[in-house]
Structure formats: structure tokens, C-alpha cells
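Just so it is clear, none of the values below were taken in a lab; they were calculated from the coordinates. On a predicted model such as this, the values are computed, not experimentally measured, just so you know. Counting neighbours? That spans all protein chains shown, and the Cβs are built from the backbone with ideal geometry, glycine included.
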């Protein structure tokens, strides 16, 4: 009992910050999304904002775009990360590791600006391509920013998240997977069989967990789509931000409803992740 | 499925100043179980990995069934390996683990099931087919690993310290199982161990390797009765060494002239005799000594004796020999148990 009290006390400062900033913010959002805004004289509680949001074409478009961006970023990052990890696992080289760890330390905002400088039609990539004669004018460079397919956003996320998933996959590969692969080899498994039947299943739980984190993050992240995304439809967090910034305070409940919905969807992914973690503990 | 294994002049260097293996040459007869015995870091696991194909030797050759396999990848060598850790595939059931090698070869499902079942029964794990490895004890996991290696009827069975991660009581059972299964299937087997007791109990022949060199390759009893030199004798627990001059079939020692059943070549020699072979009686090769130390070991008593001229000897005698420190006794070193070590 004394031990538990001690642990609780030790955790108290962190718990306080989390509960005030996170739970406090979230409950404020929930309250406002239900239309309770005494500042503008609204005190009755209703689900009108949710009805309005969920019934609107804008929300549906945004939701689809968000799922597409988060899904594509996660999928591409995961495949590239697994391939990179397989390529890197035998190299003890510090350089490759350093190059790979670099993006992890760079803020998303800076990454977005960096990608924009390289891939915009007036950027480095366009000028290099023109100079090499691949395209006539820099402006002929394909539009990768503010475009319908959100290429710029996905590129930024891939650049940022590949190293993260790679590190997780590498840790698994360099651990027991290497020994299991040797066993499989002496039992007659060729390279492809070893990957498919042994290595992949062994690193999959870690990789899946890491990509779920990436999905949940890219689903709820705001700054990269805000900087590099098209004006319509926007990604859900950008949509929520635009509603929030509206001069008309009566659109505040809708903004908060979108936020709560983002939180709910992300929570679903977190639950899936936790379940996976528990499954691993048992296995 | 018995195959001969030959290792010729095998040398391997990891890039340090001393090679892990140098010039290892030995052959394993079809169906024979050879123990590669040596302290950790002596190069024995390196040798095993080279045989399996997981490492390429710096120099030398490995021949399985008379053909060099240096250019054959591990998956085609048919040399199944069991490691120190069971290394079962954690995401597969016991059944899938054991069937793995057959599945990789495209064995038909029905035949696979039958052979897996038989292999599991052979290691007394018949009822565990649907379990996951995590639900098994360490000993059970190691038995499944053995079944997994055996099920494909490999040409070679390579065992890398398969018992060292087990508790003492489990080790004995597993040791028996390995011997039983190996005899039954007549698998040509190389067994790596640092435990001389294990090597003596299991092996048909023992290859003693230290510092990457083969020191002695012979039947287990030869390591006790006729060790090549003092280092080998000490590795096998010899405690008695006597210096002397060999002349006309006898050896002049501080204990007097001793007769040997196998005479030593003339010149300076070191004699050895196992503590168990020392007798408390008169006759040929006998002298008097005083008991200096007595250690009761349960099944025997180990006595420290001091003979004339301060020569110390160890004698292991049955527990009913009740000598006490200070007693004077007559000691005999039987000629057939005295052995002159090489120089």
C-alpha cells in the first residue's frame, strides 16, 4: 500500500500536467461541441453540431482525404522502412544509422518547409530538373504541393516516418530474428521462404505497432497539411482549425465536434494498438 | 541416411591476431556421434557453423558424403542444427515448427502430418502438437527443437551445446534422449560442448579443441587412460603427476623404481595415474605414505597423501575406507594404470 502511494505521489506532477492540459482541453472541447457556450448566451445542450458536421458533404470529403493521406503515408512508410531495415541490418555503419536517425529529430514543421523548398515548382528540384534538360522550364515540374493527391504532405510524412518505423524494425531484426533465420536456413528454407515464413512474422508485431502510431499521428496532425495542402477539401484537423478561426462564434460547436471526432477515431486506433500489445505479451 | 563427414585443414579467422580455428582436420564416420569438446572461445562453435554453411572458412574444406560442400548454401546441405537456445519460431505451433523443414521442401500435407507426429513421439512430445512454444518449458522446447531438426532426416545433425541452457535434472533426460534418437536414426552427429562429462557420456569419439587446434581425437576412455600430454590429462581431471627417468622398462621416481604395463621410451618422463586407480596395499610399485587430507564426497573419499621426499598424491577410495589424517598407509600404483605422458 505504501508503495502504491509512493508511486502515485511520484507520478503526480506528470499526471497533473496530463490531466489539466489533456483531459481539461478535451472536456472543454466536448462541452463546447454540445453547444454549451455561455459567453454568447448559449446554455442548452444538444447534438446539433454533430448532426450538422456528420451530415455535411465537406466533412465527408475531408474525412476521406484524411484517411487517404494517413493511409498512404503509413503504407508507403511501412514498406520503405521494412526494406531499409533489411538493407541496413548487416551494416554496423554509423553513417547510415546517423543518416537514418536524422529525420526523427527534425520537427514536422521544418520538414514541411524543407520538402516545399525541394519539390515546389520554383524549388530546387524543379531547377535541377530544368538544368539537366529533363523539363523545359521549372514551371513544367509536376505540381506536388497544394495538389489534389496531397503528394507534398505524403512526401513529408514518408521522409519523417520511415526512419521511425525502420528503427523499430531494425531492433527486431537484429535481435532474435537473425538467429531464427539461421535455424530456418539449416532447415532448408531459401531466402524468400526465410523472409516470408520467419523474419516477417517475427518483426510484424513491432512494425504494425509502429505504423499504427504513425497512422494515428498523421490522422490528427495539423501543421504539415496546413502548410502544404490544397484549399478544398482540407484534412480534418485543418478543417477544424478553419471552423475554429471563423469570426462567427456559432460555428465553434462544429469545430469542436470535428476535434472530438478526430480524437475518437484516433482513440480507436490507440485501442487497436493496445490490444495488439497485450496480444504480444501473451504470445 | 548415414553420411560421412570430413573436415580438412579448416582454418577460420574473424580478423583478430589469432585465428579462431587453425588447421582442424577430422573425419566422422557414418552414424557416429563426435563431440567437439573445449572451453568457451576455443573455436568449436565456429567449426560447427562452417559445417552447417552459416560461415565460410578462411581456408580448408568440408566434405559431406565425399563431396566438398563449400559452394553449397546452408539450405541445401541437409545439415540440421540445434542451438543452445531452442529458437523455436514463436509465431508457430509446435506442429508447424516441427513441420517447417518439410514444408520448405514441399512435402505433401498428409505425409508431413504423419512424419511430424512420428518425430514428436520420438522426443516424447506427442500431446503438444497444437501448443505455442511460449506455453512449453525450456526442456520441452529443446525437445521440440530436436524433433524439428530430425524430421527432415538430415544427412548431418549438428548440436551446438543443446543442453547447456537446461537445469541439471532436465539435462540428464535430454542427454539420454539425444543418444537414443541418434542411435535409432543412425545420424552422423557433431555435438559441441564444453562439458567433458557430457562428451564422455554421449560421444563415440571426442575431439578436444583448445585455442583453435585439435589436441586429441580418440574414444572417451583414452582421454582418461592414455592422455597425450599433461594439458589434456589436466582437462580430464588428472591430479597425479610424477617426474622420473625411464630406463630399461622401469621409471626411476622419488617414490622408487616404478614398473609400467606399457613401457616408456628412455629419458625424462612424466607419469600420471588417476586417483581412482591408486590402491591401499603392498606389492609391486608400492611405498608408504601419510594421509594429509580427507574429503568425503558421498560416493567416494578423496585423500591427499604425502609420500617420502614430499611427493603429493591424490587417491579416490570407496567411502567405507575410514582413514584419518595422520595415518600411515601402504600405497600401490598398479602398473597397468600408470601412463607416461608425451613430452
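Points worth noting:
- Multiplying the residue separation of residue B:257 and residue B:213 by 0.36 nm and subtracting their alpha-carbon distance yields 12.2 nm.
- Distance between modelled label sites at residue A:90 and residue B:265, nm, 7 Å Cα→Cβ extension: 4.9
- Spin-label model distance (nm) - residue B:330 vs residue A:31, 7 Å beyond Cα toward Cβ: 10.7
- Here segment A:24-167 is treated as an ellipsoid with the same Cα gyration tensor; its semi-axes, largest first and in whole Å, are 40, 23, 14.
- Förster radius 56 Å - calculated FRET efficiency between residue A:68 and residue A:191, Cβ distance, rounded to 0.05: 0.95
- Among A:159, A:192, the order by Cβ neighbours within 10 angstrom, fewest to most, reads A:192, A:159.
- Kirkwood Rh in Å, taken over the protein assembly as shown so that all alpha-carbon pairs contribute: 31.2
- Each Cα pair under 8 Å and six or more residues apart adds its separation to the average, and for chain B the resulting relative contact order is 17 percent.
- Two numbers describe the Cα atoms of chain B: Rg and Dmax, which are 24.4, 76 Å.
- Gaussian network model of chain B, springs between alpha carbon atoms under 10 Å - residue of B:72, B:82, B:269 with greatest fluctuation: B:72
- In terms of surrounding Cβ atoms within a 10 Å radius of their Cβ, A:196, B:339 rank from fewest to most as A:196, B:339.
- Largest-first ellipsoid semi-axes for segment B:1-155, taking √(5λ) over the Cα gyration tensor eigenvalues, angstrom: 31, 18, 13
- Label zone at residue B:58 (point 7 Å along Cα-to-Cβ), backbone N below 20 Å, segment B:193-229: B:209-215
- Summed over all non-identical Cα pairs, the Kirkwood treatment of segment B:281-327 gives a radius of 11.1 Å.
- Taking the convex hull of Cα positions in segment B:153-266, its mean projected area over all directions (nm²): 9.8
- Sorted fewest first by neighbouring Cβ atoms within 10 angstrom, B:2, A:120 come out as B:2, A:120.
- P(r) for segment A:52-282, from all Cα pairs and a bin width of 5 Å, is 1, 7, 12, 14, 15, 14, 12, 10, 7, 5, 2, 1, 0, 0, 0 %, short bins first.
- Set of segment A:224-250 residues, backbone N closer than 17 Å to the point 7 Å along the Cα-Cβ line of residue A:39: A:241-250
- Taking only alpha carbon atoms, segment B:241-341 gives an Rg to Rh ratio of 0.98, where Rh is the Kirkwood radius.
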